[in-house]
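The values are calculated or read from the model by the stated rules, or taken from the named source; none is laboratory data. No experiment lies behind these values; they were computed from the predicted model shown. In this analysis, Cβ positions are derived from the backbone assuming ideal geometry, glycine residues included, and neighbour counts consider all displayed protein chains. Note: areas computed on protein heavy atoms with side chains; ligands, DNA, RNA excluded. Shrake-Rupley method; radii C 1.70, N 1.55, O 1.52, S 1.80 Å.
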Amino acid sequence: EEDGAVPAAAKGSWAPFLKSIASFNGDLASLTAPPFILSSTSLTEYSGYWAEHPEIFVAPAQEKDPQKRALLVLKWFLTTLKQQYSSRNEKLGSEKKPLNPFLGELFLGKWKDPTGKIGETQLISEQVSHHPPVTAYAILNEKHGVKLEGYNGQKASFSRGTISVRQVGHAKYHLKEFDEDYLITLPSLHIEGIVYGAPYVELNKSSTIISSTGYVAQIDYSGKGWITGKKNTFCATLKKEGSKDILYTIDGQWSDGFVIKEGKTKKELETYNAKTTEITPLYIAPIEEQDPLESRRAWAKVQESINTGDLETTGTEKSKIENEQRELRKKEKEEGREWERRYFTRVMDDPVFTRLAESCEIVAEEGKTDGIWVFDEKKFAQVVEKARTGGEAKAEVVNTAA
Ligand code: CLR
C-alpha cells in the first residue's frame, strides 16, 4: 500500500533521489528533490503555524493564576504541533520541500476576529539570512498584550535511511500584563517514509518551556517504533523549577489529541482534540497590494508553474530570482553595506534569553545562529508610521561600513 505513494510518473525520479541523499551534505536548500515533492509554499509561511488557533494563543493572558497560566502556555504550544509538523501531509498528501526564501523575503498577515473577544493577531515573518537560511517572526496580539517572537534555522544530516533535522533557534512568548516571559526550545525531527516516497515528519527527543515565574515544562517525543507505540506521541510534565513534584501531565498524540491531568491526583482536567479543533485562516493582502518583497508576490510565477507542473517555467522563474539576489549581494559587497532587515535586528546577547536559558541549563550556543535575532520594536514602529502617513515602507539599505 505504501509503495503506491510515489506517483507512477515520478517512480523513475525517486530512486536517483534516494541515491543522492545518501551523500547529502547537510544543506537542505541544496537538496534537489524530484518535482512531485516540491511544494509551492515558501518556508517564510511556516511561521504562521504558531498561531492558527488565536483563541488558544491569547488564553494565558486572561488567567490570573501563574501556575495555570504556565499550563495554558504549554497547552498552546502543544496545539501548534499538528499545524507545524503534519499539516502538509494532510493538505498535500506528504511532506514536501518548501521554497527556499530569499534574504529579506516577507510573509505578512493577520488573523481577524469578528467576535472582538480575541482581537486581531498579526503575523510578521522575515527571512533574515539566506546562507544559512534563517527565518525570524513576531506574532502580536495587542488586545491581550501577547507577543511571540523567535527565529529558526535547520541543521540536517543523513543517517540510517532518514534525514535528521536539528532546529537552531528558539521562541519567546511574552505576556505584557504580567511582564512574564517564556523561553521555548524547538524539537528535533526526522523524516520518515522516505524510501516509500511518502515522507512525513516525526519529532524526537524533547523540548522545554521555561518561564520567568519559575515553571518548567518538558515535552518528550516518540514515534511509532517497530512494534508498539503510535506515531506523533508525546508526554509532557509541568513542574516548579528545582522541585520534583509534577503539577500537571499532558499525554497523547500531537496530531490527534491529548489529555491534561493534575499531577498528584491524576485527575483528568481537560481533553483536547487536535482533529476537530478548527484553525482560523490567516488573512493575506491581495497580491497587487503586497510589497514586492512579500512572499506570494515575489514567488507568484514560480508558485503558479509548480502548481501546473510546468517545470521549464519553474526553472526560469526561480533563476530570475536567484540571479537578482546574486546581483544585490554583489552590489552590497562592493558598496560595503549589508541588507537591512525590515523588522529584526541581530544582537549578541538577549538578556531574557540568557537568564531563562541559564536557569534551565540550556546551552546558549545551540540557540544561536551567529547571534540572536530579535524583533525590533523601533523598526516596526517606523514601518507602521510610514504606512499611516501613506509613505512607502521600502526596504532600505543602510551603510554598515561606517
Ligand atoms: C520549519 C520551521 C517550522 C517547523 C518546520 C516544520 C517542518 C520542517 C521545516 C520546519 C523546515 C524544512 C523541513 C520541514 C520538513 C521537511 C523540510 C525540514 C523546521 C525539508 C527541507 C524537506 C526535505 C525534503 C524531503 C521531503 C524529502 O516552524
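A few points about this structure:
- Within the option set ALA51, ALA61, being of a type in the set (Gly, Ala, Ser), modelled with pLDDT of 95 or more, more than 20 Å from ASN89 (Cβ to Cβ) and under 16 Å from the mean Cα position of the chain (by Cα) holds for one residue only, ALA51.
- Any hit, region 33-42, residues being modelled with pLDDT of 95 or more and either part of a helix (DSSP H, G or I) or away from the ligand (no atom under 13 Å from the Cβ) (or both): yes
- Pairs where the first residue, in region 19-40, is over 19 Å from GLY161 (Cβ atoms) and without any contact (Cβ under 8 Å) to a residue 60 or more places away in the chain and the second is open to solvent by 50 Å² or more (accessible area, probe 1.4 Å) and assigned to a loop (DSSP other than H, G, I, E, B), C-beta under 6 Å, 6+ apart: PHE36/PRO7
Let's see how each residue does on (1) within 16 Å of the ligand (Cβ to nearest atom); (2) open to solvent by 40 Å² or more (accessible area, probe 1.4 Å); (3) in contact (Cβ under 8 Å) with a residue 12 or more places away in the chain:
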| site | (1), (2), (3) |
| --- | --- |
| LEU186 | yes, no, yes |
| LYS205 | yes, yes, yes |
| ASP220 | no, yes, yes |
| ASN232 | yes, no, yes |
| THR265 | no, yes, no |
| PRO286 | no, yes, no |
| GLU289 | no, yes, no |
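- TYR182 meets the stated requirement of being away from the ligand (no atom under 13 Å from the Cβ), open to solvent by less than 10 Å² (accessible area, probe 1.4 Å), of a type in the set (Ser, Thr, Tyr) and in contact with a Phe, Trp or Tyr (Cβ under 8 Å, 6 or more places away or on another chain).
- Test: residue in region 171-187 that is farther than 25 Å from ILE250 by Cα and not in a loop (DSSP other than H, G, I, E, B): no
- Residues of region 45-58 satisfying the condition of being more than 10 Å from the ligand (Cβ to nearest atom) and not charged (D, E, K, R): ALA51, HIS53, PRO54, ILE56, PHE57, VAL58
- Residue count for region 124-163 satisfying the condition of being within 13 Å of the ligand (Cβ to nearest atom), open to solvent by 40 Å² or more (accessible area, probe 1.4 Å) and over 12 Å from the mean Cα position of the chain (by Cα): 5.
- ASN89 passes every criterion in (1) modelled with pLDDT of 95 or more; (2) open to solvent by less than 50 Å² (accessible area, probe 1.4 Å) apart from (1).
- The single condition from (1) outside any loop (DSSP other than H, G, I, E, B); (2) open to solvent by less than 50 Å² (accessible area, probe 1.4 Å) that LYS239 fails is (2).
- Given (1) among the hydrophobic types (A, V, I, L, M, F, W, C); (2) at pLDDT 95 or above; (3) open to solvent by 30 Å² or more (accessible area, probe 1.4 Å), number of the condition TRP254 does not satisfy: (3)
- Flag for THR271 being outside any strand (DSSP E or B), of a type outside the set (D, E, K, R), open to solvent by 60 Å² or more (accessible area, probe 1.4 Å) and over 20 Å from LEU148 (Cβ atoms): no
- Residue in region 15-32 that is nearest to the chain's Cα centre (by Cα), counting only those that are of a type outside the set (A, V, I, L, M, F, W, C) and within 11 Å of the ligand (Cβ to nearest atom): ASP27
- Given (1) under 25 Å from PRO199 (Cβ atoms); (2) open to solvent by 70 Å² or more (accessible area, probe 1.4 Å), number of the condition LYS320 does not satisfy: (1)
- Boolean, THR121 is closer than 21 Å to GLN167 by Cβ and away from the ligand (no atom under 12 Å from the Cβ): no
- The set of residues in region 89-118 being assigned to a strand (DSSP E or B) and within 15 Å of the ligand (Cβ to nearest atom) consists of LYS97, PRO98, LEU99, PHE107.
- All of ILE260, ILE209, ILE194, ILE250 fail the test of being within 16 Å of the ligand (Cβ to nearest atom) and assigned to a strand (DSSP E or B), apart from ILE209.
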